[in-house]
Amino acid sequence: MKNNEVADLLMQMSLLSEAAGEDRFKAIAYRKAATTVRDLSEDIENVWRENRLLDLPNIGEGIAKKIDEYLRTGNATFIDKLKARVPEGALELMNVPGVGPRTAYKLAKQYGVKSVEELERDLEAGKLTDELGKQASTRLLEEVRKAKYAEKRMLLPEAEAIADEITRYMEHNNIEVITAGSLRRGKSTVGDLDFLSTTSGSGDVLVRFPGVDTVIEHGPKRTSVRLSIGTQVDLRVVEPSHLGAAMMYFTGSKDHNIALRNLAIEKKMKLNEYGLFDSSGNRLAGRSEEEVFSALGLSYIPPELRENRGEVEAAQSNNIPKLLEMKDIRGDLQVHSTWSDGEADIRTMAEAARRLGYEYLGLTDHSYSMRVANGLSEDRFRNQWKEIEMLNDELAPFRILKGIELEVRGDGSLDFERKFLEEFDYVGASIHQGYRQSPDKLTRRALEAISNPSVDILFHPTNRLIGRREGHQLDIPKLIKAAKDNGKILEIDGQPDRLDLDEVWARRAWEEGVTLAVDSDAHSPDQLEFTKYGVLVARRGWLTSKAVLNSQSLKDVLKNFK
DNA sequence: GCCGTTTTCGGCCCGACTGTTTTCAGTCG
């Protein structure tokens, strides 16, 4: 499946177009097309084969032709052609904060600056001072020096920890802040941290936060700082009466905001961070988000859905689903103990699960070919079951389920025979091994596992590790169809660096009638809470409690496993 | 480059902050 490849290509076109000094709306058009392809929940090659490229939003004749060339020939001559018009170095220079397309183009074209390194040298030597001005070049030099430590997106727990620290610091100074941005939307990775405050002067407090390295800008309404760990923090100060509109603006996403503002324009109104206004400038709403949505003729859109993926249309027809909540979760179906690679014994894990209010815990230690994880043989599983049965007598009505994380081996075979597998309460299959195999082979293995009568759930289907390893390039629509045809469950793994399936595919799966499981994949009692990150993915995938197996009672879950 | 319940041409979200900036372009969120 080449969705990500095509999206990357279009994104590259967007950047090149900027760096070539073209009309900026061209770059915006490429970026929008890239988003369309990235958010697509079907195989772009299918769309192309069926001549439906032009049916996709933001893809017209020009871009369709380029996608066609790439998928037909594997070449992208349009990239090379555009590259030839970009002055050498301009693309790289745009990575420096404060350097946009205009400055990059000028630096590269007029002053022959060919790289960030050269820019640093020239600035230090004072070569560009006359052209750029003294303050600008000093400031730029600072940015260049930091640009080397290119900031990376954070996983959710890290982002939450930093946001908490800042929130506590502000509170300590009697300032209440509200978290907005991608963290509020529950996005799986977070770049910047965004806060709102209704206390004037709170920017002055933020710039004194001990973790601040640089003040990027500091005005009465907006303050931006960079922490020494590289994270950018933005604070917006607003009047209490503007808070709702400001929260919407600062929560984003950008594309969602644009969609809302365009809707306002259609209705002869104007939406900005101060409120919703009619054509004569009278304010119609703004104090709360609910008020603004309502005045726009929309039902409330939860932050997790604000990605311009159809939520505005759904809110217009009152079709926003009641999203899954943490309190709907009644058990966990992927958990490990010291029997394989977990850090705590079964009793400790079970007691922790009970404290979370769960009714059941699916214990899924690894099968034996997962040697690095101390995978269990048939004999060891039988011994484990004795311990489980003893604990179940003691902890009833709480129930520990006899599960397994069954390895799908490199050749597609399973670790155990069907007869033995039938003795488990349920079987989850995983593909860890052989991830360098071709996409076709990996897809075949996954399909075999899913259609195997012994298997109930496919755990973390793509096996991605965010920031470290891209997932298997599986044909996921095929996988979803196989799950549907065989009545199997697909998992959303809650480990913060997995979150697999992701929201786009989880949504597609449920639309196709496939039930999902939202698990923690915990290897310690604390990690049972990772389920909350899985719930965020589920919410971002438009899932209701009905879509999720482990929001059902123990009895119903067991019925599902037959 | 895309798009159209006023448009096939002329728009494309809207506003804060910075700078050698006295009316605005560039950048960013």
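Can you pull out the residues in segment A:475-518 that are over 20 Å from A:Ser545 (Cβ atoms) and assigned to a strand (DSSP E or B)?
Selection gives A:Asp500 alone.
Over 30 Å from A:Leu474 (Cα atoms), of a type in the set (Lys, Arg) and out of contact with any strand residue (DSSP E or B) (no Cβ under 6 Å at 6 or more places or on another chain) - does that describe any residue in segment A:19-35?
The answer is yes; a qualifying residue exists.
Can you pull out every residue in segment A:35-49 that is at pLDDT 95 or above and assigned to a loop (DSSP other than H, G, I, E, B)?
If the condition is that a residue be at pLDDT 95 or above and assigned to a loop (DSSP other than H, G, I, E, B), then no residue fits.
State whether one or more residues within segment A:63-71 are touching a residue at least 60 places away in the same chain (Cβ under 8 Å), of a type outside the set (Ser, Thr, Tyr) and surrounded by 13 or more Cβ atoms within 10 Å (Cβ to Cβ). Working first, answer last.
As a first pass, look at segment A:63-71 and keep what is touching a residue at least 60 places away in the same chain (Cβ under 8 Å): A:67, A:70-71.
With of a type outside the set (Ser, Thr, Tyr) added as a condition, the list becomes A:67, A:71.
Restricting the remaining residues to those that are surrounded by 13 or more Cβ atoms within 10 Å (Cβ to Cβ) gives A:67, A:71.
So far as segment A:63-71 goes, yes, one or more of its residues are touching a residue at least 60 places away in the same chain (Cβ under 8 Å), of a type outside the set (Ser, Thr, Tyr) and surrounded by 13 or more Cβ atoms within 10 Å (Cβ to Cβ).
A quick yes/no check of all residues on (1) modelled with pLDDT of 95 or more; (2) within 26 Å of A:Thr189 (Cα to Cα); (3) over 29 Å from the mean Cα position of the chain (by Cα):
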| site | (1), (2), (3) |
| --- | --- |
| A:Gly219 | no, no, yes |
| A:Leu227 | no, yes, no |
| A:Gln232 | no, yes, no |
| A:Ala246 | yes, yes, no |
| A:Ile258 | no, yes, no |
| A:Lys267 | no, no, yes |
| A:Asp278 | no, no, yes |
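Taking segment A:291-329 on its own, how many of its residues are surrounded by fewer than 20 Cβ atoms within 10 Å (Cβ to Cβ), among the charged types (D, E, K, R) and not in a helix (DSSP H, G or I)?
Count: 2.
Anything in segment A:277-287 that is surrounded by 15 or more Cβ atoms within 10 Å (Cβ to Cβ) and either of a type in the set (Ser, Thr, Tyr) or assigned to a loop (DSSP other than H, G, I, E, B) (or both)? List them, or say none. Steps first, please.
The initial filter retains those residues of segment A:277-287 that are surrounded by 15 or more Cβ atoms within 10 Å (Cβ to Cβ), namely A:277, A:283-287.
Within segment A:277-287, A:Gly286, A:Arg287 qualify.
Does segment A:423-440 include one or more residues that are hydroxyl-bearing (Ser, Thr, Tyr), within 22 Å of A:Glu45 (Cβ to Cβ) and crowded, with 20+ Cβ neighbours inside 10 Å?
No, every residue in segment A:423-440 fails to be hydroxyl-bearing (Ser, Thr, Tyr), within 22 Å of A:Glu45 (Cβ to Cβ) and crowded, with 20+ Cβ neighbours inside 10 Å.
If A:Ala104 satisfies all but one of (1) within 12 Å of DNA strand B (Cβ to nearest atom); (2) within 30 Å of A:Asp500 (Cβ to Cβ), what's the number of the condition it fails?
All conditions pass for A:Ala104, except number (2).
With the condition being within 27 Å of A:Leu499 (Cβ to Cβ) and aromatic (Phe, Trp, Tyr), I'd like the helices (runs of 4 or more DSSP H) fully within segment A:152-255 carrying at least 1 qualifying residues. Explain how you work it out, then say what you get.
On the way: elements: A:156-172, A:181-184, A:202-206, A:243-251.
Ranges flagged: A:243-251.
Test of understanding: among A:Leu536, A:Leu528, A:Leu501, which residue is closer than 17 Å to A:Tyr360 by Cα and either at pLDDT below 95 or of a type in the set (A, V, I, L, M) (or both)?
Values: A:Leu536 fails: closer than 17 Å to A:Tyr360 by Cα; A:Leu501 fails: closer than 17 Å to A:Tyr360 by Cα.
Residue meeting the stated conditions: A:Leu528.
Of the conditions (1) closer than 24 Å to A:Tyr169 by Cβ; (2) more than 7 Å from DNA strand B (Cβ to nearest atom), A:Glu217 satisfies every one except a single condition; which number is it?
Failing condition for A:Glu217: (2).
From the list A:Glu120, A:Glu158, pick out the single residue that is closer than 30 Å to A:Leu465 by Cα and either in contact with a Cys (Cβ under 7 Å, 6 or more places away or on another chain) or surrounded by 14 or more Cβ atoms within 10 Å (Cβ to Cβ) (or both). It would help to see each step written out before you state the result.
Values: A:Glu120 fails: closer than 30 Å to A:Leu465 by Cα.
Testing whether each residue is closer than 30 Å to A:Leu465 by Cα and either in contact with a Cys (Cβ under 7 Å, 6 or more places away or on another chain) or surrounded by 14 or more Cβ atoms within 10 Å (Cβ to Cβ) (or both) leaves just A:Glu158.
Do we have any residue at all in segment A:256-271 that's surrounded by fewer than 18 Cβ atoms within 10 Å (Cβ to Cβ), away from DNA strand B (no atom under 14 Å from the Cβ), outside any helix (DSSP H, G or I) and of a type in the set (D, E, K, R)?
no
Which condition breaks for A:Glu22 when tested against (1) surrounded by 14 or more Cβ atoms within 10 Å (Cβ to Cβ); (2) farther than 15 Å from A:Lys81 by Cβ; (3) among the acidic types (Asp, Glu)?
(2)
Which numbered condition trips up A:Ala506, out of (1) of a type outside the set (Lys, Arg); (2) closer than 19 Å to A:Asn560 by Cβ; (3) surrounded by fewer than 22 Cβ atoms within 10 Å (Cβ to Cβ)?
Going through the list (1) of a type outside the set (Lys, Arg); (2) closer than 19 Å to A:Asn560 by Cβ; (3) surrounded by fewer than 22 Cβ atoms within 10 Å (Cβ to Cβ), A:Ala506 breaks only (3).
May I ask you to list the residues in segment A:60-93 that are within 7 Å of DNA strand B (Cβ to nearest atom) and either of a type in the set (D, E, K, R) or under 16 Å from A:Gln12 (Cβ atoms) (or both)? Before the answer, list the steps.
Taking segment A:60-93 as the starting set, the residues that turn out to be within 7 Å of DNA strand B (Cβ to nearest atom) are A:60-64.
Listed by number, the residues that qualify are A:Glu61, A:Gly62, A:Ile63.
Going through segment A:487-546 one residue at a time, which ones are in contact (Cβ under 8 Å) with a residue 60 or more places away in the chain, of a type in the set (Val, Ile, Thr) and out of contact with any Pro (no Cβ under 8 Å at 6 or more places or on another chain)?
A:Ile489, A:Val504, A:Val518, A:Thr531, A:Val535, A:Val537
Just to be sure before I move on: is A:Arg85 farther than 28 Å from A:Glu511 by Cβ and not in a helix (DSSP H, G or I) in the structure I sent? Steps first, answer last, please.
Details: farther than 28 Å from A:Glu511 by Cβ: yes; not in a helix (DSSP H, G or I): yes.
Yes, satisfied.
Only one of (1) within 15 Å of DNA strand B (Cβ to nearest atom); (2) over 27 Å from A:Leu91 (Cα atoms) is not met by A:Ser182, so which one is it?
(2)
The values are calculated or read from the model by the stated rules, or taken from the named source; none is laboratory data. Nothing here was measured: the structure is a model prediction, and the numbers come from that model. Counting neighbours? That spans all protein chains shown, and the Cβs are built from the backbone with ideal geometry, glycine included.
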